[in-house]
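The values are calculated or read from the model by the stated rules, or taken from the named source; none is laboratory data. Just so it is clear, the structure is predicted and the values come from calculations on it, not from any experiment. Ideal geometry is used to build each Cβ from the backbone, glycine not excepted, and the neighbour counts take in all protein chains shown. Just so you know, the surface numbers come from the protein's heavy atoms only, side chains and all, with ligands and any DNA or RNA stripped out. Shrake-Rupley method; radii C 1.70, N 1.55, O 1.52, S 1.80 Å.
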Amino acid sequence: DDDLRHPLAHYWISTSHNSYLTGHQLYGNASAEIYARLLRTGCRCVEIDCWDGDDGEPKVTHGHTVVKEVSFRAVLEAILVHAFAKSRLPVTICLDMHCSAAQQHRIVYHMLQVFGTR
């Protein structure tokens with residue numbers, strides 16, 4: 001049902017925790033494709049674990065593990081393309097922030113570049 005007249009607390013929202021993981025949370029991989037898959041199946045809330053990348057760009061990974069990272073920008077682009085493939089209902093993005101102030105500025109930059117005024 002796409003009735004949006006009620007307070008947010010009146011809805012059941014399909015959510016995802018550690019949305020980026022393709023496998024085990026200690027040694028698996030992070031992937032932007034997982035976000036696409038989740039959104040195409042109706043998930044309306046995704047989590048992005050943001051960490052400082054060695055190249056000055058934020059990365060998405062499970063911190064303090066050997067999980068292979070994916071770029072923050074690639075995750076945003078996957079969300080943009082697939083956010084409304086299944087539903088017109090809003091998508092909530094939960095940023096689990098572990099980045100320095102400098103890379104938080106890069107996160108804002110990428111979100112504005114990818115999502116614009118959407």
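For this structure, a couple of remarks:
- Residues of the stretch 23-40 that are surrounded by fewer than 18 Cβ atoms within 10 Å (Cβ to Cβ) and modelled with pLDDT of 90 or more: Glu33, Arg37, Arg40.
- Scanning the stretch 46-67 for residues that are open to solvent by 50 Å² or more (accessible area, probe 1.4 Å), in contact with a strand residue (DSSP E or B) (Cβ under 7 Å, 6 or more places away or on another chain) and in contact (Cβ under 8 Å) with a residue 40 or more places away in the chain turns up at least one hit.
- Residue tally, condition assigned to a loop (DSSP other than H, G, I, E, B) and either under 30 Å from Arg73 (Cα atoms) or open to solvent by less than 90 Å² (accessible area, probe 1.4 Å) (or both), over the stretch 5-22: 11
- Filter result for the condition that a residue is closer than 24 Å to Asp3 by Cα, assigned to a helix (DSSP H, G or I), without any contact (Cβ under 8 Å) to a residue 24 or more places away in the chain and not basic (Lys, Arg), over Leu38, Leu80: Leu38
- Hits in the stretch 89-118 (condition: outside any helix (DSSP H, G or I), open to solvent by 40 Å² or more (accessible area, probe 1.4 Å) and over 30 Å from Pro7 (Cβ atoms)): His98, Ser100
- Enumeration of residues in the stretch 103-118 that are farther than 20 Å from Trp51 by Cβ and hydroxyl-bearing (Ser, Thr, Tyr): Thr117
- Residue satisfying all of: in the stretch 72-88; open to solvent by less than 40 Å² (accessible area, probe 1.4 Å) and in contact with an Asp or Glu (Cβ under 9 Å, 6 or more places away or on another chain); modelled with the lowest pLDDT among these: Ser87
- Being part of a loop (DSSP other than H, G, I, E, B) and open to solvent by less than 10 Å² (accessible area, probe 1.4 Å) is a property that Cys43 has.
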